[in-house]
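The structure under discussion appears below in the form of structure tokens.
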Amino acid sequence: GVAFVVMMYNAVQMGFVQEIILTQGKGVFDSVKESVRLIAGRTIRYLAVAFIAGIIVYVVFGVIQLVLALIISLALGPTDKFGASMIIAKTMEILVSTIMGVAMIFTTSVIYRQYNEFKKQQEQTTAK
């Protein structure tokens with residue numbers, strides 16, 4: 001329980017590292033420092049967004065996986081001697097996990113982009 005919370009907290013703190021490396025060309029350590037600086041004071045909000053997005057993605061793809069497994073089981077029938085339905089179900093599980101990971105990276109990228117737009121608007125407002 002506590003280890004998971006600490007892991008998620010650190011994941012949120014490091015959430016913008018990839019985007020900073022790609023968009024600003026900074027090194028790894030500078031990107032980590034910048035990510036922690038950008039998230040400071042907003043960690044709980046970003047953690048909540050990541051948590052909610054994760055639940056939505058998990059439920060949607062879980063339902064898809066369940067429906068596909070049901071269709072495959074019905075198609076193969078009770079004579080599935082070679083465990084093909086189990087192999088297909090595990091393959092679907094791997095695919096769903098991969099898609100969930102990509103969805104979480106996408107969510108982080110969207111948050112970073114929105115933050116940059118907000119930051120630019122603040123700079124323009126203070127410049128006036």
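The values are calculated or read from the model by the stated rules, or taken from the named source; none is laboratory data. Predicted, not measured: the structure shown is a model, and the values here were computed from it. Because the Cβ atoms are built from the backbone with ideal geometry, glycine has one as well, and the counts that use them run over all protein chains shown. Accessible surface is based on the protein model in full, side chains and every heavy atom, while ligands, DNA and RNA are left aside. Shrake-Rupley method; radii C 1.70, N 1.55, O 1.52, S 1.80 Å.
In square angstrom, what is the accessible area per residue of segment 1-104 with a 1.4 angstrom probe?
Spelled out: the 1.4 Å probe surface of segment 1-104, per residue, equals 70 Å².
In nanometres, what is the gap between the two model label sites at Gln18 and Lys128, each 7 Å from Cα along Cα-to-Cβ?
If labels sit at Gln18 and Lys128, their model points lie 3.6 nm apart.
Label points 7 Å out from Cα along the Cβ direction at Phe106 and Ile52: separation in nm?
With each label point 7 Å from Cα toward Cβ, the separation is 1.8 nm.
Extent of segment 1-59 along each principal axis, from alpha carbon coordinates, in Å, largest to smallest?
Result, largest extent first: 36, 23, 18 Å.
Assign unit charges at the C-beta atoms only (+1 for Lys and Arg, -1 for Asp and Glu), then state the dipole size of segment 51-128 relative to its Cα centre in Debye, rounded to the nearest 20.
That gives segment 51-128 a dipole magnitude of about 240 debye.
Within the set of other residues whose C-beta is less than 14 Å from the C-beta of Tyr115, count the net charge using Lys and Arg as +1 and Asp and Glu as -1.
+2
Count the lysine pairs in the chain whose Cα atoms sit under 21 Å apart, keeping only pairs 8 or more residues apart in sequence or on different chains.
7
Work out how much length Val59 to Ala3 would gain on full extension: take 0.36 nm times their residue separation and subtract the Cα-Cα distance, in nm to one decimal.
Residue separation times 0.36 nm, minus the Cα-Cα distance, leaves 17.8 nm.
Measuring from the lowest to the highest alpha carbon on each principal axis, how far does the chain reach, largest first, in angstroms?
That gives 73, 31, 28 Å along the principal axes, largest extent first.
When the chain is treated as a GNM, springs tying every alpha-carbon pair under 10 Å, which of Gly101, Gly27, Gly62 comes out with the largest mean-square fluctuation?
Evaluated over the chain, the most mobile residue of the options is Gly27.
Per DSSP helix of 4 or more residues, -39500 (n - 2.57); summed, then divided by the residues of the chain. What does that give at 222 nm, rounded to the nearest 500?
-30000 deg cm²/dmol
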